[in-house]
Structure formats: structure tokens, C-alpha cells
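This report concerns only the one structure given below.
The values are calculated or read from the model by the stated rules, or taken from the named source; none is laboratory data. Just so we're clear, the structure is a prediction, and the values are computed from it rather than from any experiment. Methodologically, a virtual Cβ is constructed for each residue, glycine included, from the backbone with ideal geometry; neighbour enumeration extends over all protein chains shown.
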Amino acid sequence: MLPPAATPTRRTRWVTKRSGGWQSPRVVAVGEIGLDFYRDLSPRERQVEVLRLQLETAAEVGKPVAVHCREAHQRLLPLLEEWSRRLGGRLSEGRPLGVLHYFSGDTGLAKC
Ligand SMILES: [Zn+2]
């Protein structure tokens, strides 16, 4: 797990971990990842940068994502839409892309 508001130090560890272990059948998902603009524990653009890396990792290893989104829908949804479109809406072997957690938007936004 890597908290959404990852610090640069944690980001470095993420990149290191990226090279191994993710293919294990014991790893069922990549997460929790996402954006948290409520707590803003790290700069927003850094959060976006780390999220992009995490989404790419999930796609590479074919694992669904568990995404946290707090007061960051405007920034998160286009990223997820673009990622989903590139993957054709599914991971390898037809696996779902993942779940959205801590969603604080309304039902209209949820239907996007
Ligand atoms: Zn969360």
C-alpha cells in the first residue's frame, strides 16, 4: 500500500518495488493509490505524477487498482478515463480495472 499523498521518499521506494514482486498471485491489487486534495500531504502535482506511475504499474502487471479520491475528482477522473481507454476498459484476461474508494462526489459524477 502507498498512501495517495505519497512523499518523495515513498515514491522512491515505490519505483524500487516496481521491479519485483507484483506478479505474485498473492498480490491481488495495486493500492491504495489515488489523490487526496483534502489533506494535501504532498504537492498535488507530485500526487498526480505518482498516480500515473502506479496506474502504469497496475497495467503492466495486470492487477486491478484500489483508488482513493478525496476532493480531487476533477483531476482524477480524466486520468482514469484516459487510462481505461488505453486499456480498452479491461485488464489482461478480462479483469476489471478496479474500485474507487472514498468517493465523495455525487451520483451524477459517479455515473461518469
Ligand atoms: Zn483511502
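Descriptive notes on the structure:
- Residues in segment 79-112 that are exposed (fewer than 12 other Cβ atoms within 10 Å of the Cβ), more than 15 Å from Leu55 (Cβ to Cβ) and either within 13 Å of the chain's Cα centre (by Cα) or small (Gly, Ala, Ser) (or both): Gly94, Ser104, Gly108, Ala110.
- Enumeration of residues in segment 54-71 that are in a loop (DSSP other than H, G, I, E, B) and within 14 Å of the ligand (Cβ to nearest atom): Glu71
- Among (1) charged (D, E, K, R); (2) out of contact with any strand residue (DSSP E or B) (no Cβ under 7 Å at 6 or more places or on another chain); (3) modelled with pLDDT of 85 or more, the one test that Arg70 misses: (2)
- Output for segment 69-78, where each listed residue is surrounded by 16 or more Cβ atoms within 10 Å (Cβ to Cβ) and either farther than 14 Å from Gln47 by Cβ or small (Gly, Ala, Ser) (or both): Ala72
- Ala66 over 20 Å from Pro43 (Cα atoms) and of a type in the set (A, V, I, L, M): yes
- Of all residues in segment 29-45 being assigned to a loop (DSSP other than H, G, I, E, B) and away from the ligand (no atom under 11 Å from the Cβ), the one that is surrounded by the most Cβ atoms within 10 Å (Cβ to Cβ): Ser42
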